[in-house]
Amino acid sequence: MIPNNIVRIHILKAIQEIDRDGIPKGRNSKKFKLVFDEKAYPPKYVISLANKYANGEELNPSDFGGGRETNDYLGRLGFEIVENFPSAKQVSKPLNRRKRKVQSGVSHNERCPKCKQTIEKMLRKIYGEVKSNYKFEVGVLPEDFKKTQ
């Protein structure tokens, strides 16, 4: 059960902490997200962190329910909860800003397999499922467009 003394300011502090430190592995939401300032946050993790500001410790996720309980509680505090679609910008851990030494003489272009893997990994993280080499039929001759009106 979510403690009743968690209020909007505690939620906002939890969101600030997530912006600063990111979302730990395994704490993202699969079904819902809290949308605030055009960013998406996992509602249950936000409540867990907010409890730290209200009661001194992070709330164990097994001590309260996700879904309806969490979403209704956040809704009563004036936050927007939506179904989890991969269109909103997810907050992830801050990037490690150390500079990497680029190998000289290595060709990086649209045919570089390592670059393709890196792009695919990034897209999978943002959008979930990614289909490599996806092909679809598109007509290129005038006859292909005869019945399009």
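In order along segment 129-144, the phi-based Karplus estimate (6.51 cos²θ - 1.76 cosθ + 1.60, θ = phi - 60°) of 3J(HN,Hα) comes to 6, 10, 9, 7, 6, 5, 10, 9, 7, 9, x, 10, 9, x, 4, 5 Hz; Gly and Pro are listed as x. For segment 58-63, the Karplus equation 6.51 cos²θ - 1.76 cosθ + 1.60, evaluated at θ = phi - 60°, returns couplings of 5, 7, 5, x, 7, 7 Hz by residue, with Gly and Pro reported as x. Computed from label points 7 Å out along Cα-Cβ, the spacing between Asn60 and Val138 is 5.5 nm. Measuring against 29 Å, Cα to Cα, the residue pairs Lys31/Lys121; Lys13/Lys131; Lys13/Lys125 contain Lys13/Lys131 as the ones spanning a longer distance. With the simple spin-label model, which puts each label point 7 Å out from Cα in the Cβ direction, the Glu129 to Asn109 separation comes to 3.4 nm. Listing Val7, Val138 from fewest to most neighbouring C-beta atoms within 10 Å gives Val138, Val7. Dipole magnitude for segment 8-90: computed about the Cα centre from +1 point charges on Lys and Arg Cβ and -1 point charges on Asp and Glu Cβ, it is near 160 debye. Let a ≥ b ≥ c be the square roots of the eigenvalues of the Cα gyration tensor of segment 8-90; is it rounded (a/c under 1.5), or, if not, prolate (a/b larger than b/c) or oblate? Since a/c stays below 1.5, the shape of segment 8-90 is classed as rounded.
Rule-based calculations on the coordinates, nothing more; no lab input. Just so we're clear, the structure is a prediction, and the values are computed from it rather than from any experiment. Cβ sites come from the backbone with ideal geometry, for glycine too, and all protein chains shown count toward neighbours.
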